[in-house]
Each structure stands twice: as structure tokens, then as C-alpha cells.
Amino acid sequence: PHRELVVAVAEAAYRAGAAAVDVEYDDPRIYAARITHAAPGSLGKRSSAQRERSRSLGDENVAIVQVMGEHELDVAADLPPERVAEDSKRLQSSPELARIRREGRLRGTICAWPTDDWATRVFPDLDAEKAKRRLAKDILWFCRLGPKDPPGHEGWTEHLGTLRRRATRLTKLDLAELHVRDVGTDLRFRIAPFSMWRGGGEKDKWGRQIAMNVPTEECFISPDAAATDGTFRCSRPRSFGGRVIDGLAGEFRNGRLVR
């Protein structure tokens, strides 16, 4: 469903001087085959070619663009959640990619772009093509790339600068605790002393400014994992392992999910 955007990204990359553009598509049915039929020990396994691809992401001359947007959700809707979780956990524990991230060598970005499934869920009264156009305009507006924004990527880079300055102010406050209250949510997070807030992208090992999430509005931090207390309710549907989960709620005590 993202083919048109992927072609446009490839064209832009070659115009910018890329030596080679390699495209890998995710297929929900192939994913479902692994979750459904793979032996328990094969969940989260990657081929030697996939591992080599991950290692190459630490090279200064390699960059990755990941395009997100739900597609064929019905394929994954009834997959066993325990196997989905195990597969995701093992994939995310890749030592090669963790080291590359830790060393600031990952030049990449993740962006959202409409699909039929996603757009018609957001705009159920429109047909798929009109819904995708409407959602695309919303995303471009969030990215400060719309017709009323500054030329080129100026609006986007100005926004990222604003987020970086906000993260700096939050760090200087040296907050001890964050208390989040909303409908169904009364949650406290303890923050370790001298913690650093992040947001608005960052510089990689070679001094290039990158922004991992497109669009983004967040300044974030990792709280003390053993000191999270209270209840939470997600105000928006969450997508995990190809499934959309609505009304997700729970309770933490001393950092453990108890309900």
C-alpha cells in the first residue's frame, strides 16, 4: 500500500546522490505464517541476510527510512498474543542493532503514511481514496510540510528546534516525579536525579542531525522502572503486532503491572 511513497523516496535518494536504494516490504500474511506455524524456538529468528542488513545500518554511508501504516489488519487480528509478544521481544533484543543505537550510529527515520485500512478507519464516511488524501493532508500538517508552512523543510526543522529547547528546559528542572491525570488515568512516575529529557531529534556519531520520528510532538524520558504507581487508560487505540487494541487500561504498583 505504500508503493507510491517508496518510489518517491527512492527517486529523492538517487537525486541526492545515493549509490543504491534497497527496498524491503513487510507482508502481513508472511508475518502471520511465522506466528502461526513456526516452531517455538524459531520465533524472532532472522536469516543471515537479515542480520547482515542490520549490521550494515551502523555504517556511516547507510541510512534507513521505515514507512508505517496499518495494512490487512484482519490477517493478524486472531493471532495468539503470547506468540506475537515473544516474536516481538526476540526481534527487539537484537544485539547488533542495540549496539548501533547505543553508539549513535543509526541514521534513520520512521514516518507514517496512509493506507486504505487506516484512512477509512479514521474517516469512515469517505471512500478509500478520498480518506487517504484527507489523512495525508493531516500528516503533512502535523509535519509542518503543508501548503501554508514555510518553504521546503524549514517549518519541520524549526519545530524540531522548539522541541529540543523544551527538552533542555525540562532537564534543567531536574524533576523528581511526573504525575499524569486524565479520564481513567492517575499515574505517578519517579524520575532519577540528573536524568536527561530528549526530543526534537539528535546528532548521530558523525554530527549529522537526525529525527527518528516523523511526525513528532514528544519530549520523553525513561522513569524509574521500579517506581511507577497508579492506573492508566489509553485514550487512543494502540497498534501492536498487527492488532489494534482499543480501551487498553491497567494498574501499576511499585513498577509491576498488577491489573
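Roughly how far apart, in whole Å, are the Cα centres of the range 140-175 and the range 70-101?
Going from one Cα centre to the other spans 30 Å.
Quote the Stokes-Einstein diffusion coefficient, in whole µm² s⁻¹, for the range 17-79, based on the Kirkwood radius over alpha carbon pairs, a temperature of 10 °C and a viscosity of 1.306 mPa s.
Details: Rh = 14.3 Å.
Taking Rh from Cα pairs, D becomes 111 µm²/s.
Select from Gly17, Gly69, Gly247 the residue whose mean-square fluctuation is largest in a Gaussian network model of the chain (Cα-Cα springs shorter than 10 Å).
Fluctuation is largest for Gly17.
How much of the accessible area of the range 1-148, probe 1.4 Å, is carbon plus sulfur, in whole percent?
53
With unit charges on the beta carbons (Lys and Arg positive, Asp and Glu negative) and the dipole taken about the Cα centre of the chain, which residue among Val183, Gln92, Gly161 sits farthest to the positive side?
It is Gly161.
Hey, with R₀ at 25 Å, roughly what FRET efficiency would Cys234 and Ile110 work out to, going by the Cβ-Cβ distance, to 0.05?
It comes out at approximately 0.80.
Give me the percent of the accessible area of the range 159-259 that comes from carbon and sulfur atoms, probe 1.4 Å, all protein chains in place.
Working: 3560 of 6920 Å².
On the range 159-259, the fraction of accessible area on carbon and sulfur atoms equals 52 percent.
Where is the GNM fluctuation largest for the chain (alpha-carbon springs, 10 angstrom cutoff): Asp116, Asp204, Asp224?
Asp224
For labels at Arg46 and Trp206 in the simple 7 Å Cα→Cβ model, what's the distance in nm?
Between Arg46 and Trp206, the label points sit 2.0 nm apart.
Using only the Cα atoms of the range 145-259, construct the convex hull and provide its projected area averaged over every direction, in square nanometres to one decimal. Spell out each step's value before the answer.
On the way: hull surface 40.4 nm².
Taking the Cα atoms of the range 145-259, their convex hull projects to 10.1 nm² on average.
How far apart, in nanometres, would the label points at Ala13 and Val183 be if each is projected 7 angstrom from Cα along the Cα-to-Cβ direction?
With each label placed 7 Å out from Cα toward Cβ, I get 4.2 nm.
For a quick size check, give me the Cα extents of the chain along its three principal axes, largest first, whole Å.
Each principal axis gives a Cα extent; for the chain these are 49, 47, 45 Å.
Add -39500 (n - 2.57) for each DSSP H run of 4 or more in the chain, then divide by its residues: what number comes out at 222 nm, to the nearest 500 deg cm²/dmol?
Values: 9 runs with 98 residues, N = 259.
Calculated at 222 nm, the ellipticity per residue is -11500 deg cm²/dmol.
Provide the gained length on full extension for the span Arg243 to Val75, in nm with one decimal, where the gain is 0.36 nm per separating residue minus the Cα-Cα distance.
Details: separation 168, 0.36 × 168 = 60.48 nm, distance 0.90 nm.
Between Arg243 and Val75, full extension yields an extra 59.6 nm.
Hey, rough spin-label estimate for Glu158 and Arg253, points 7 angstrom out along Cα→Cβ, what's it come to in nanometres?
Placing both labels 7 Å along Cα→Cβ, they lie 5.1 nm apart.
GNM on the chain, C-alpha springs below 10 Å: top fluctuator among Ala18, Ala32, Ala76?
For the chain, modelled as a Gaussian network with Cα springs under 10 Å, the answer is Ala18.
For the range 1-154, what is the accessible area per residue in Å² when the probe is 1.4 Å? Write down the numbers at each step before the final one.
On the way: 10430 Å² over 154 residues.
Per-residue value: 68 Å².
Quick query: amide H of Trp197 versus all other amide H atoms, modeled in the peptide plane; which residues come in under 5 Å with a sequence gap of 5 or more or a different chain?
Answer set, sorted by chain and number: Thr171.
Whole-Å semi-axes of the range 67-126's equivalent ellipsoid, largest first, each the root of 5 times a Cα gyration tensor eigenvalue? Please list the in-between numbers first.
Details: eigenvalues 174, 76, 7 Å².
In descending order the semi-axes read 29, 20, 6 Å.
Quick test of the membrane-span-like rule: which DSSP H helices of the chain reach at least 15 Å along their long axis (C-alpha atoms) with mean Kyte hydropathy at least -1.0? Mind dumping the intermediate values first?
Details: long enough: 3-15 (18 Å, 0.48); 81-92 (16 Å, -1.62); 128-142 (21 Å, -0.55); 154-173 (29 Å, -0.98).
Taking the DSSP H segments of the chain (at least 15 Å long, mean hydropathy at least -1.0), we get 3-15, 128-142, 154-173.
Quick one: in the range 68-209, what % of C-alpha pairs are over 23 Å apart?
Working: 6344 of 10011 pairs.
Taking all Cα-Cα pairs of the range 68-209, the fraction more than 23 Å apart is 63 percent.
Starting at 0 and stepping by 5 Å, how many percent of the alpha carbon pairs of the range 1-154 end up in each bin?
1, 7, 12, 16, 18, 17, 14, 9, 4, 1, 0
The values are calculated or read from the model by the stated rules, or taken from the named source; none is laboratory data. This one's a predicted model, so the numbers in the text were calculated from it and none came from an experiment. All Cβ positions, glycine included, derive from the backbone under ideal geometry; neighbour counts span all protein chains shown. Note: areas computed on protein heavy atoms with side chains; ligands, DNA, RNA excluded. Shrake-Rupley method; radii C 1.70, N 1.55, O 1.52, S 1.80 Å.
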